[in-house]
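Student: Quick one: the structure is below, questions incoming.
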Amino acid sequence: MEWINDHTALLIVDVQNDFIPGGALAVTGGDRVVPIINELQKKFRHVIATQDFHPANHGSFASNHPGKLPGEFIELAGLTQILWPVHCVQSSRGADFHPDLNQSQWKAIFQKGKNPDVDSYSGFFDNARRGDTGLGDYLKSNGITRVFVCGLALDYCVKFTALDAKNFGFETILIADATRAVNLQPSDGEAAIKEMKAAGIKVLTSNEL
Ligand code: VGL
Ligand code: ZN
């Protein structure tokens with residue numbers, strides 16, 4: 001089966017310094033996806049990245065809620081919100097893409113999490129599903145029908161981006177070796193893959209492409 005054609009896009013989710021070991025919200029093995037994604041990109045004509053890009057007063061940061069710690073919960077935009085350490089602040093090094101990630105063929109970058117009043121895991125919509133980054137319309141207007149998803153973190157932004165891609169009507173494929181989970185709970189990564197499969201998302205490894 002030829003998986004990649006002119007109607008196929010690679011979505012690289014949040015491969016940013018703060019999600020890499022040493023960063024503010026480090027994902028174990030997050031750096032390991034970089035060479036895999038660089039190899040993958042060579043096979044695609046349409047490569048698009050998302051970037052977590054928060055203002056310093058973002059409501060998902062524990063430090064913006066006196067007395068609260070990362071991992072605790074609050075209500076934000078009418079939703080239960082887990083609190084994170086300060087991460088991916090606009091114009092900080094932590095928000096930059098990993099320096100080894102090849103950006104030379106990217107067609108577009110979609111930033112998310114810019115509204116301080118709501119978090120935004122998916123590259124398509126904020127968690128309250130009000131704000132739209134334009135990614136879905138962008139893909140449709142470029143004739144994309146099949147979307148491959150990779151990047152960080154599997155159990156948050158990768159999962160919600162893939163679920164929204166599927167809901168948008170794109171055939172959606174997770175590249176399992178090109179993602180890593182935060183795993184606040186040790187099985188969160190596995191649970192995310194199960195949830196994606198149940199939603200009709202395919203799971204492949206990069207050597208199958
Ligand atoms: C992410 C938590 C908070 C992610 C972003 O990119 O998976 N996770 N912000
Ligand atoms: Zn974030």
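Student: Evaluate segment 147-170: report whether one residue or more is farther than 22 Å from ALA62 by Cα, assigned to a strand (DSSP E or B) and open to solvent by 10 Å² or more (accessible area, probe 1.4 Å).
Tutor: no
Student: Please verify whether SER104 is among the polar types (S, T, N, Q) and on the phi > 0 side of the Ramachandran plot, treating the condition exactly as stated.
Tutor: Considered against the rule, which asks whether it is among the polar types (S, T, N, Q) and on the phi > 0 side of the Ramachandran plot, SER104 comes out as no.
Student: Assuming PRO85 fulfils every condition listed in (1) within 14 Å of ligand 1 (Cβ to nearest atom); (2) open to solvent by 30 Å² or more (accessible area, probe 1.4 Å); (3) free of Cβ contacts under 8 Å to residues at least 60 places away in the same chain apart from one, which condition is it?
Tutor: Of everything listed in (1) within 14 Å of ligand 1 (Cβ to nearest atom); (2) open to solvent by 30 Å² or more (accessible area, probe 1.4 Å); (3) free of Cβ contacts under 8 Å to residues at least 60 places away in the same chain, PRO85 misses just condition (3).
Student: Answer yes or no: is there a residue in segment 87-97 that is touching a helix residue (DSSP H, G or I) at 6+ places or on another chain (Cβ under 8 Å), away from ligand 2 (no atom under 15 Å from the Cβ) and either aliphatic (A, V, I, L, M) or over 22 Å from LEU174 (Cβ atoms) (or both).
Tutor: Yes, that holds for at least one residue.
Student: Looking at LEU25, LEU10 in this structure, which one is in contact with a helix residue (DSSP H, G or I) (Cβ under 7 Å, 6 or more places away or on another chain), more than 12 Å from ligand 1 (Cβ to nearest atom) and either in a loop (DSSP other than H, G, I, E, B) or not acidic (Asp, Glu) (or both)?
Tutor: Being in contact with a helix residue (DSSP H, G or I) (Cβ under 7 Å, 6 or more places away or on another chain), more than 12 Å from ligand 1 (Cβ to nearest atom) and either in a loop (DSSP other than H, G, I, E, B) or not acidic (Asp, Glu) (or both) holds for just one of LEU25, LEU10, which is LEU10.
Student: If a residue must be under 23 Å from ASP177 (Cα atoms) and within 16 Å of ligand 2 (Cβ to nearest atom), how many such residues does segment 113-163 contain?
Tutor: Residues that pass the stated criteria total 15.
Student: Looking only at segment 171-192, count how many residues are surrounded by 19 or more Cβ atoms within 10 Å (Cβ to Cβ), away from ligand 1 (no atom under 12 Å from the Cβ) and aliphatic (A, V, I, L, M).
Tutor: The total comes to 4.
Student: Another one. Mind listing whichever residues of segment 60-75 are surrounded by 14 or more Cβ atoms within 10 Å (Cβ to Cβ) and within 12 Å of ligand 1 (Cβ to nearest atom)?
Tutor: Correct list: SER60, PHE61, ALA62, PRO70.
The values are calculated or read from the model by the stated rules, or taken from the named source; none is laboratory data. All figures in this text were calculated on a predicted structure; none of them were measured in a lab. Using ideal geometry, Cβ is built from the backbone for each residue, glycine included, and neighbour counts are taken over all protein chains shown. Quick note on the areas: whole protein, heavy atoms, side chains included, nothing else; ligands and nucleic acids left out. Shrake-Rupley method; radii C 1.70, N 1.55, O 1.52, S 1.80 Å.
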